[in-house]
1. Return the FRET efficiency for the residue pair LYS57, VAL342: r is the Cβ-Cβ distance, R0 is 45 Å, and the value is rounded to the nearest 0.05.
2. What's the longest uninterrupted piece of the chain once you rule out the GluC sites (Glu not before Pro) that are loop residues per DSSP with at most 12 other Cβ within 10 Å?
3. Any chance you could give the angle, 0 to 90 degrees and rounded to 10, that helix 262-280 forms with the longest Cα principal axis of the chain?
4. When each pair of different Cα atoms in the chain is counted once in the 1/r mean, what is the Kirkwood radius in angstroms, to one decimal?
5. Report the residue, chosen from HIS11, HIS216, HIS207, that carries the largest GNM mean-square fluctuation when the chain is represented by alpha-carbon nodes joined by springs under 10 Å.
6. Taking a label point 7 Å from the Cα of GLU113 along the Cα→Cβ vector, which residues of the range 122-149 have an amide N closer than 17 Å to it?
7. Divide by every residue of the chain the summed helix terms, -39500 (n - 2.57) for each DSSP H run of at least 4, and state the resulting mean residue ellipticity at 222 nm, rounded to the nearest 500 deg cm²/dmol.
8. I'd like the distance between the alpha-carbon centres of the range 339-408 and the range 74-148, rounded to an integer number of Å.
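Derivation of every value follows stated rules applied to the coordinates shown; laboratory data play no part. Computed from a predicted model, the values in this text were never measured in an experiment. Please note: Cβ atoms are built from the backbone with ideal geometry, for glycine as well, and neighbour counts cover all protein chains shown.
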Amino acid sequence: MLLGTQRVNAHGHLEIGGCDAVELARQFGTPLYVMDEQCIRDNCRRYKAAFDARYPKNEISFASKAYLNMAICKLMQQEGIGLDVASAGELYTAVRAGYPMERALLHGNNKSEAELQMALDHGVGRVVVDNFLELRLLAERAKAQGKTQKIFLRVTPGIDPHTHRRIRTGQEDTKFGLSIATGAALDAVTEALGAAPHIQITGIHCHIGSQLLDAHTHEQAIEVMVGFLRRIADVTGWVPEDLDIGGGLGIRYLEGQRPPTYDEFADSVIGALRAALDRHAVPEPTLWQEPGRSLVGEAGVTLYTVGVIKRVAIPEAPGTRTYVAIDGGLSDNPRPQLYDAVYEALVAGKMGEPKDQTVTVAGKHCETDILIPSVQIGNVETGDILAVQSTGAYNYAMASNYNRFTKPACVFVRDGQADLVSRRETLDDVVRLDEIPARLA
């Protein structure tokens with residue numbers, strides 16, 4: 001499970017981007033998010049190349065909900081990758097970073113009027129319209145300003161992917177999008193076409209789920225979506241020029257997991273797309289995708305300092321459990337509690353030792369807060385640096401101040417250089433927005 005640029009250096013330490021993980025922990029403190037910049041860049045290039053080689057009419061946008069700060073916006077801009085944002089905060093981050101807004105997509109199932117106005121003000125390339133209310137509000141705002149806003153319409157293909165129930169989004173029973181099966185999606189297309197010239201619908205969008213370890217549900221969704229393109233053309237006479245199939249490709253959290261490679265995934269997706277286009281006699285659209293986790297997930301490592309190590313008796317074999325407590329947990333990685341997520345861990349300063357201990361990695365919050373229920377690691381002692389792999393997606397992005405913890409720092413590492421891209425919060429940051437009413441003072 002050495003990922004990206006990771007290797008074991010001459011000191012027997014984990015090295016990431018040419019930087020010693022133990023030294024990173026000493027320099028920046030722990031918990032610490034470490035992002036392997038070269039790994040992210042390589043992933044962007046390989047993902048894009050896989051689809052360029054098979055279907056040149058394609059656009060790749062990074063799903064920024066997976067990991068967003070101004071540094072990653074600049075990186076994606078440099079790599080020629082679009083940006084998918086889903087809130088005013090994500091949009092504002094991209095604006096502040098100087099990201100070209102014509103390459104941005106604005107998502108969200110309940111966009112506020114202020115968010116729609118932001119999209120118009122900053123020239124967002126596409127607003128992914130989720131419902132009729134949004135469509136009408138956006139049309140009114142665009143008309144009032146004499147503008148034309150390009151949109152995708154988000155639809156639900158009725159595909160239930162084989163993933164955790166909380167990250168399924170393409171089935172009929174979902175808060176996202178408009179149903180193809182009930183006719184709501186076609187009605188919305190017709191209404192959007194009628195809102196011209198202030199609304200210019202260029203395509204349709206779907207997203208079926210996250211952390212998918214095969215391409216089968218993407219293939220199913222493509223068949224439904226291309227069939228819908230044919231239906232739109234037959235009923236309205238308009239042929240959509242864009243088809244956005246979202247993201248969802250999974251990564252390796254455990255050594256035994258094997259998601260498709262980018263080339264394997266592209267083979268499956270483009271094979272299914274070409275077959276569906278031929279079957280339904282639909283001209284080639286531009287294929288849009290929104291990978292997030294698959295670009296940054298394996299590039300991330302979280303470093304913790306080991307504190308208390310506690311052995312307790314349990315009734316089942318082997319009769320004891322070893323708890324290894326770290327200086328973080330739920331507040332910097334809520335995924336185990338939300339999605340039953342599992343991870344691998346390494347003792348960063350003892351990479352040459354055999355993994356002959358089975359331990360439970362526990363956080364320090366005031367509840368159960370188990371980060372990893374069971375993992376085999378090398379000999380671990382208080383003060384060691386524990387490295388948890390594949391934390392580049394939905395860890396930094398979901399971090400909280402639970403128990404009034406400060407959010408960790410984040411660094412980019414590349415070619416032996418470590419740069420702070422998000423500073424560690426201070427205790428003053430934690431209370432910065434608090435107010436005491438005069439009657440309590």
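1. Numbers: r = 38 Å, r/R0 = 0.84.
The value I calculate is 0.75.
2. Numbers: sites that count: GLU255, GLU316, GLU367, GLU381, GLU435.
Maximal segment without exposed cleavage sites: 1-254.
3. 20
4. Taking the inverse mean of 1/r over all distinct Cα pairs, the chain comes out at 23.2 Å.
5. Checking each option, the largest mean-square fluctuation is seen for HIS11.
6. Answer for the range 122-149: 132-146.
7. Calculated mean residue ellipticity at 222 nm is -9000 deg cm²/dmol.
8. When both Cα centres are located, 36 Å separates them.
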